[in-house]
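Visitor: Sending over a structure as structure tokens; questions will come in a sec.
The values are calculated or read from the model by the stated rules, or taken from the named source; none is laboratory data. These numbers were taken from a predicted model, which means no experiment stands behind them. Cβ atoms come from the backbone with ideal geometry, glycine included; neighbour counts cover every protein chain shown. Surface areas here come from the heavy atoms of the whole protein model, side chains and all, with no ligands, DNA or RNA. Shrake-Rupley method; radii C 1.70, N 1.55, O 1.52, S 1.80 Å.
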Amino acid sequence: MDTRTAAEKTKPFLTDVQTLRARARKHMEEGSVTPSYEGDVKKTIEILQSVLATEIVCVLRYTMHAVTATGISSEGVKDEFATHAKEEQEHAMEVAERINQLGGKPDFNPSNLTSKSASEYGTAGTLVDMIKENLIAERIAVEHYRELVRYFGERDPSTRLMMERILTVEEEHANDMHDLLVAHEGRPMLPG
Ligand SMILES: [Fe+2]
Ligand SMILES: [Fe+2]
């Protein structure tokens, strides 16, 4: 059910950030009470399934934006969206491979995407709103992946290293979107 107020609905790129963050943290909080090795692997797979969903939703959002962005000076921005879509796809593949290595089955089921993802598909219609949606999504990803790097720490160095590599790219994505926003709107967005 959509519980947003009318005021929230007029600002689609700023809605549900708290919900998304809470969802992103859910599995980590549950993880602290499963000390067994088997429990940890199962938990790792669950966490990575939501990272996979997050990355797939990012692929879809950037791809949609790359195709539909219009208006003056949109060409360079479309290219940037397309590049990001490709990099999110690489992340999705890397995470799916890791789930497979751990004995899980990567979940590419479209009907599970929105409930597992820590990012939103988005509703932006204008170029600036698209950039803002992407910036919000990247900031949530950066925040969540930093927590995951800490979570995996020494308990799973291979997964931690993968998340560190992905995190570095998400930080670049957030910077790219921030720079585009300043270029197109003339001012930065406050931290979301
Ligand atoms: Fe990504
Ligand atoms: Fe990204």
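Visitor: So if I check each of ALA92, ALA96, ALA53, which one is over 23 Å from THR126 (Cα atoms), within 13 Å of ligand 2 (Cβ to nearest atom), under 17 Å from the mean Cα position of the chain (by Cα) and in contact (Cβ under 8 Å) with a residue 24 or more places away in the chain?
Guide: Matching residue, one of ALA92, ALA96, ALA53: ALA92.
Visitor: Still on this structure, please answer the following. Determine which member of the set GLU171, GLU143 is within 13 Å of ligand 1 (Cβ to nearest atom), open to solvent by 30 Å² or more (accessible area, probe 1.4 Å) and closer than 17 Å to GLU88 by Cα.
Guide: Working: GLU143 fails: within 13 Å of ligand 1 (Cβ to nearest atom).
Going through GLU171, GLU143 in turn, just one is within 13 Å of ligand 1 (Cβ to nearest atom), open to solvent by 30 Å² or more (accessible area, probe 1.4 Å) and closer than 17 Å to GLU88 by Cα: GLU171.
Visitor: Any idea how many residues of the range 77-93 are touching a helix residue (DSSP H, G or I) at 6+ places or on another chain (Cβ under 6 Å) and open to solvent by 70 Å² or more (accessible area, probe 1.4 Å)?
Guide: The qualifying residues number 1.
Visitor: Can you name the condition, by its number, that SER117 falls short on among (1) among the polar types (S, T, N, Q); (2) modelled with pLDDT under 90; (3) more than 16 Å from ligand 2 (Cβ to nearest atom)?
Guide: Condition (3) is where SER117 drops out.
Visitor: Of the residues SER111, SER119, SER115, only one is out of contact with any Gly (no Cβ under 6 Å at 6 or more places or on another chain) and open to solvent by less than 70 Å² (accessible area, probe 1.4 Å); which?
Guide: Values: SER111 fails: open to solvent by less than 70 Å² (accessible area, probe 1.4 Å); SER115 fails: open to solvent by less than 70 Å² (accessible area, probe 1.4 Å).
Checking each option against the conditions leaves just SER119.
Visitor: Name the one entry in PRO157, PRO106 that is free of Cβ contacts under 8 Å to residues at least 12 places away in the same chain and under 17 Å from ILE45 (Cβ atoms).
Guide: After ruling out the rest, the residue left standing is PRO157.
Visitor: Test ILE136 against the stated conditions and say whether it is surrounded by 20 or more Cβ atoms within 10 Å (Cβ to Cβ), away from ligand 1 (no atom under 13 Å from the Cβ) and modelled with pLDDT of 95 or more.
Guide: no
Visitor: Restricting attention to the range 56-76, which residues are surrounded by 14 or more Cβ atoms within 10 Å (Cβ to Cβ) and away from ligand 2 (no atom under 15 Å from the Cβ)?
Guide: Within the range 56-76, THR68, ALA69, SER74 qualify.
Visitor: In contact with a helix residue (DSSP H, G or I) (Cβ under 9 Å, 6 or more places away or on another chain), away from ligand 1 (no atom under 12 Å from the Cβ) and within 21 Å of HIS144 (Cα to Cα): is that true of GLY122 in this structure?
Guide: Considered against the rule, which asks whether it is in contact with a helix residue (DSSP H, G or I) (Cβ under 9 Å, 6 or more places away or on another chain), away from ligand 1 (no atom under 12 Å from the Cβ) and within 21 Å of HIS144 (Cα to Cα), GLY122 comes out as yes.
Visitor: If you take the residues of the range 143-192 that are over 17 Å from ALA118 (Cα atoms) and small (Gly, Ala, Ser), which of them is farthest from the chain's Cα centre (by Cα)?
Guide: Taking the candidates together, the pick is GLY186.
Visitor: Quick one: is ARG187 among the basic types (Lys, Arg) and either surrounded by 14 or more Cβ atoms within 10 Å (Cβ to Cβ) or closer than 19 Å to MET93 by Cα (or both)?
Guide: In short, no.
Visitor: Okay, next question. When you go through VAL57, VAL67, VAL95 one by one, which is the residue that is more than 16 Å from ligand 1 (Cβ to nearest atom) and among the hydrophobic types (A, V, I, L, M, F, W, C)?
Guide: When all the criteria are applied, what remains is VAL67.
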